[in-house]
Structures are given as C-alpha cells and as structure tokens.
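Undergrad: One structure is given below, represented as structure tokens, and several questions about it will come after.
The values are calculated or read from the model by the stated rules, or taken from the named source; none is laboratory data. All values derive from a computational prediction rather than experimental measurement. Neighbour counts run over all protein chains shown; Cβ positions are idealised from the backbone, glycine included. The accessibility values were calculated without ligands, DNA or RNA, using every heavy atom of the protein model including side chains. Shrake-Rupley method; radii C 1.70, N 1.55, O 1.52, S 1.80 Å.
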Amino acid sequence: MALHVPKAPGFAQMLKDGAKHYSGLEEAVFRNIQACKELARTTRTAYGPNGMNKMVINHLEKLFVTNDAATILRELEVQHPAAKMIVMASHMQEQEVGDGTNFVLVFAGALLELAEELLKMGLSVSEVIEGYEMACRKALEILPECVCSSAKDLRDVGETTALIRSAVMSKQYGNEDFLAHLIAQACVSIFPESGNFNVDNVRICKILGCGLMSSSVLHGMVFKKETEGDITSVKDAKIAVFSCPFDCTVTETKGTVLIKNAEELLSFSKGEEDMMEAQVKAIAESGANVVVTGGKVADMALHYANKYLLMVVRLNSKWDLRRLCKTLGAVALPRLTAPTPDEMGRCDSVCLSEVGETQVVVFKHEKEDGAISTLVIRGSTENLMDDIERAVDDGVNTFKVLVRDKRLLPGAGATEIELAKQIMSYGESCPGLEQYAIKKFAEAFEAVPRALAENSGVKGNELISKLYAVHHEGNKNMGFDIEGEGAALKDMLEAGILDPYLVKHWGIKLATNAAVTVLRVDQIIMAKPAGGPKAPQGKKDWDEED
C-alpha cells in the first residue's frame, strides 16, 4: 500500500501537486522588480544614437542585428510574467505613437529600481504607488510648459526633414540627413488634403546591392517581380486587375467528353482557344493595355496577351493586389471579363526595370498626390536593410504623430531634467510619506540622460550635475551634446534635436502604469503546466539507423 504523505499546511495545501506559490515582499515584489530591472538593463545600452546593437536569434533561427527596442522585445519572447507587463507597455507605445519604446523600458526600469529602495527603507507599497501616481499627474501637467516649438507646415519637405531627423538619428546615426529627406519626400507626397495620414501608404522595397546612398523615392508602387509576357514597358497605362488566375474558366461540374475522330479533337481544342482569344481580345478592346492578375498565368492566355500587345504582371500577394488597386483607382475583378472604364486603373507608366541585378516592375504615378509612395532601399546586407527599414518606420510614425499634435519638446535629456527639477520641488511641498516616492519619481527621469551619456562614454553624474546647473538658471532647452567633447551641453532648439510631444506624454503615462501594476502584485501563484512529461531530448540510447 502506498504511503500517504501529508502536504505542508498553508496555502500549498489547496493547490495541485507541482504548483508554485510565492508571496510577500521578499519573494514576490522584489523578484518581480529584479526581473524588470534586468530587462531594462538589457535595452538601456541600446538607447540613443550611440546605443549598441543587439544580436538576437529568434526561435526560427533568424538573425536580427538592431538597437530597436520594439524588435528586440518582440523576438526575445519574454517569459517572466512581471517583465511581460513592461513589454506590453512598450508594445502599447509602439502601437500608439510608433516610437519611444526604449524610453518606456528605461523609465519603467528606473521607477522600479527606486521603488525597491523605498520599500527597503520601510515605506508600504501603497504609499509608493500613491506617490508615483501623484508625480505622474504632475509630470503630465508640467509637460505642456516644456514645449519649445511646434510644426508649422507639414507639407514643406525641408521643415518635415528637420523634424523627422532626430527620430531617424537614434537608429541610423550618420545617415540621418539623407534618410530623413527621403522619408519626408515620401510622407509629404501622399499627405492628403483631409489631413488623415495613413502609415501603410508608405511602402518599402528592399533591394540588395549598392549602398544606402543609392536609395530613392518613387510615387507609385514597386514589386520585386518580372513581367510574364514579351511587353516590358507601357506609357499612359490603363490597367485591368483580376483577382482570379489569367486562364480559361473551368466548369463547376465534372463531365466526360467522348471524341470519336481527329476532327472532333481539333475542333474541341479550337473551341477552347477561340474562347480564350475572345476573352483577351475583349480586354484589349476595352482600352486596357496592362493586365495584373492574382493567380497563375496560362501559356495560351499569355500567347494571346502577346498577340494583342497586353503587358501581364502576376502578383502572388492579395495584400499587394489590394494596395495596387488603391494606388491606381482600379477594381479587382473576380472573373476574366472585359473591364468597364470605371473599373480600370490608370497610371503614367508601367515598366520592367533592373535595380542592381534584381528585376522590378514599377507602377509610376508622376502626379505628386499619389495614394501610395515607395521607398526603394539599397544596402549591402539583408540585416542592414532591415535596420534601415526600422529607421524608416520610426520616421514615418513621427510624421503621423506630428499630424495629430504639432507640439515639440527639446530632446537629448533636456525635457527629462526640466521635469525632474520641477517634480523634485513639488515633492518638497507635499506633507505626507508620498513625498519620498515623488522625489524618487523625479530621480527616475535622470536615467534617460544618464543612459545617453554612458552609451557615449561620458560620466553620467558629471553630465546630470551640469544639466541641473543650467536648468536652474532657466535654460530649459539645454540638453546633452553627443558630438561635443566630454559632458558638453547644447541648446536643443537651435541644434534641431526635438521630440514629438505625444511620444513623451504616452511614454511617461505607460511606463508609470506598468511600474505601478508590477508593484501592486504581492503573490505569484503558478499552476502546474498542462501536458504530460516532455519527450526525451537527444537519442543517446537509440540504435543507429542503417
């Protein structure tokens, strides 16, 4: 008879075998804080223009070399439940404003690190949380006072370039002027009169070879495809778009055809050929000179397309087909019928060209207000082009944020030090125990200029004391000059290093919410994972196969 072993009394008695349970400050709160600190420490070294790159290999063994926090976190697949909350906050930041994900991580990590000190001093968790929430509200009140300028005309490429530049700079330091100009051209050309800007309308086509400086902007769309037929270029194109294969229609029912002699065999295939020719001829007579199809192209259909001088392009992706329809103003037809003039798309030229050694089909819209523009990115390696794509994404998102709110704040730690200075004095005026948490909240802002300094090889304490000194004199636009010698300072408004207001606003809000959520947890209860025993790893005792 099996011996019954009683469980230890307490909470564990209620749970199934294999469940884990942690509670209290030591086990739950400090453990969670430790996990979040480690995560923040990982991405902190990637902050700013001089941030280091991370080499991440994901579960599919794809290699990423980047300093973009959103990409690093997405590919890391963080398992720890508390660290996941911080990751979720940075994902929210990515969805809301598209930039500033690393700011959320660095700031939330600093808040939790300082909360740990307060808890060890003897403050209760609720006092720390209350202090943080009061300080967050105060910070969002002070933030509009830090605004140093606002975007005047987002349809001016020169001004837009200057505003996007600092967002691109943090990803591609050294190439920011060239890239920002390209992104500004792409964004301004598709910025509609209504003012509703859609990020998806700036497409990116990556083509290996040459260098970054050979990248260009095209109004219209570029596909890494070859044309199917003999015709490779059409001016003043009228385009018929089909979502079905470019082939003769097959009957729904199955039937058997009995052929008795050679004439019947010839007339059978002739009937099919005549039907195909009639369809292609009808398309050609409707005025269309380009056919875009979402399915396969039959040899016979291609033969007649060449006969009637139709250019044929095949797109495998239905998303590409939809975007092309949007760009050209066409309607994707589900059957091979002649399109009406309303259903046809129009563009200035469709041509097959060669970029490097890659064949591309270009649908060119010469008119400036095209619905979609494409950035053709050139680069020596796939990883480099992926990183440039992430920089372009940040630039385009910055433009979208500025469309929503044109206000700008000084960058490079100037806003953070100004907020820290004012929240510190607000903390002094508060009577309760929350004042300690408010002061620590102010101190957490120092993590941003400190990270910038340390990544640039400058002593953090020296920079922060200098920044406080000039901000107390009333120069609230002074920030860290990365290109200067040592802990140099510079007026960020003059230098043109500006951050959109919404990026900081949402960053502070989400980081504080995430930190408070982590602090509110006092027990971790993990049920036994589902599923049976794991399959044995390796085949050490197996026979060799013949």
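Undergrad: Could you say which residue among 78, 56, 65 is farther than 24 Å from residue 446 by Cα, of a type outside the set (Lys, Arg), touching a helix residue (DSSP H, G or I) at 6+ places or on another chain (Cβ under 7 Å) and modelled with pLDDT under 80?
TA: 78
Undergrad: Suppose we filter 340, 398 for residues that are modelled with pLDDT of 80 or more and either among the charged types (D, E, K, R) or part of a helix (DSSP H, G or I) (or both); which single one remains?
TA: Of the residues listed, the single one that is modelled with pLDDT of 80 or more and either among the charged types (D, E, K, R) or part of a helix (DSSP H, G or I) (or both) is 398.
Undergrad: Only one of 335, 323, 407 is open to solvent by 70 Å² or more (accessible area, probe 1.4 Å) and modelled with pLDDT under 80. Can you tell me which?
TA: 335
Undergrad: Within the range 287-301, which residues are buried (at least 20 other Cβ atoms within 10 Å of the Cβ) and closer than 16 Å to residue 245 by Cα?
TA: 290, 291, 292, 293, 294, 301
Undergrad: Next up: Scan the range 28-47 for residues that are of a type in the set (Ser, Thr, Tyr) and crowded, with 21+ Cβ neighbours inside 10 Å and jot them down.
TA: Answer for the range 28-47, where residues must be of a type in the set (Ser, Thr, Tyr) and crowded, with 21+ Cβ neighbours inside 10 Å: 43, 47.
Undergrad: Could we say that residue 284 is within 19 Å of residue 227 (Cβ to Cβ) and either open to solvent by 90 Å² or more (accessible area, probe 1.4 Å) or in a helix (DSSP H, G or I) (or both) here?
TA: So residue 284 fits the description; yes.
Undergrad: Among (1) part of a helix (DSSP H, G or I); (2) small (Gly, Ala, Ser); (3) modelled with pLDDT of 75 or more, there is one condition residue 269 misses while meeting the rest; what is its number?
TA: (3)
Undergrad: So, residue 372, is that one farther than 30 Å from residue 287 by Cα and of a type in the set (A, V, I, L, M, F, W, C) or not?
TA: So residue 372 fails the test.
Undergrad: Just name the residue that is surrounded by the most Cβ atoms within 10 Å (Cβ to Cβ) out of those in the range 302-320 that are closer than 21 Å to residue 232 by Cβ and basic (Lys, Arg).
TA: Residue satisfying both the conditions and the ranking: 314.
Undergrad: Let me ask you something else. All but one of (1) part of a loop (DSSP other than H, G, I, E, B); (2) at positive phi hold for residue 220, so report the exception by its number.
TA: Looking at each condition in turn, residue 220 falls short on (1).
Undergrad: Does the range 192-234 hold any residues that are among the aromatic types (Phe, Trp, Tyr) and in contact with a strand residue (DSSP E or B) (Cβ under 7 Å, 6 or more places away or on another chain), and which are they?
TA: Within the range 192-234, just 223 meets the criteria.
Undergrad: Same structure again: Of the residues 189, 170, 149, only one is touching a residue at least 60 places away in the same chain (Cβ under 8 Å) and closer than 15 Å to residue 408 by Cα; which?
TA: Just a single option satisfies the conditions, and that option is 149.
Undergrad: Here's something else I'd like to know. (1) open to solvent by 10 Å² or more (accessible area, probe 1.4 Å); (2) closer than 19 Å to residue 52 by Cβ: which one isn't true of residue 73, the others all being true?
TA: (1)
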